[in-house]
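In what follows, a single structure is set out as structure tokens and then discussed.
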């Protein structure tokens, strides 16, 4: 069944100016030059120490780039990115009030003139990301999209990741096409590369099936009484939890009054560890 949902928690930032691609290229984890009409790039902005600050989808639309971002981060991102502008010929503007973000899945959406769309690049089945200046007729709601992305194990910004703490490889950005290993330098690249090539990841954000009522986000996950992680987002018996690698193979973990059962998706690559 085709589904189209408005995502009110998402906003849009516009980048214009002849240096827009090169400017963003030097700051984010993925290759911005790959963003062309019909193809969107998922990328993250990191601290100089390689910790996650924000992630967004980068669309190319004529003489501008459009960033599909977490709405509550939009104004802060404009300010933060603007600090790196220096002499670059680029202008940034929060246009969340003029353009809405939608997700579509289950089929190819029909779009009105002026809408910008591309397949979600993270994993097959994720659907489409759509930016539209005019309202679209939704056939589903944001909760339905939340269930869909949880079924695939896709992270959703600050509800699943910790600002200035999470490493990209902990959150699946490598497997989910959120990192380029061949582009030039970007902020936080050194630690990201070291994490990959030295095998420094000790925990992962993993989909879990939840038996019982899900506790609040941040509730500790226990294995035999020992803390091995924390629950992140959850809805209708499905969630994401940050777990230590050695706990991911467990058949059952405890979180509040609920039982969690890790469900590693086919796209996720995990090192072999002793359970």
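Every number in this text was worked out from the coordinates using simple rules, so none of it is lab data. The model shown is predicted, which means the values in this text are computed figures rather than measured ones. Counting neighbours? That spans all protein chains shown, and the Cβs are built from the backbone with ideal geometry, glycine included.
The relative contact order of the chain, computed from alpha carbon pairs under 8 Å that lie at least 6 residues apart in sequence, is 20 percent. Here the translational diffusion coefficient of the range 57-143 follows from Stokes-Einstein with Rh set to the Kirkwood radius across Cα pairs; for 4 °C and 1.567 mPa s it amounts to 89 µm²/s. Scaling the Cα radius of gyration of the range 85-207 by the globular reference 2.2 N^0.38 Å produces a ratio of 1.26. Here r is the Cβ-Cβ distance between residue 21 and residue 201 and R0 is 41 Å; the resulting FRET efficiency, rounded to 0.05, is 0.85.
The angle separating the long axis of helix 142-152 from the principal Cα axis of greatest extent in the chain is about 60 degrees.
Calculated [222 nm] ellipticity per residue, helices only, for the chain: -4000 deg cm²/dmol; basis is -39500 (n - 2.57) per DSSP H run with n ≥ 4, divided by all residues, nearest 500.
Working from label points 7 Å from Cα in the Cα-to-Cβ sense, the residue 63 to residue 266 distance is 4.5 nm. Quick one: Debye curve from the alpha-carbon atoms of the range 199-275 only, equal weights, vacuum; give me log10 I(q)/I(0) at q = 0.25 Å⁻¹ to two decimals. Log10 I(q)/I(0), no solvent term: -1.19. Its Cα gyration tensor gives the range 8-103 an equivalent ellipsoid. The semi-axes, each the square root of 5 times an eigenvalue, are 17, 16, 14 Å from largest down. Divide the volume of the convex hull around the Cα atoms of the chain by the residue count and you get 124 Å³ per residue.
Compactness of the range 19-62 was expressed as the Cα radius of gyration divided by 2.2 N^0.38 Å, which yields 1.14. Which angle from 0 to 90°, rounded to the nearest 10, does the C-alpha axis of helix 71-82 make with the longest principal axis of the chain? It works out to around 60 degrees.
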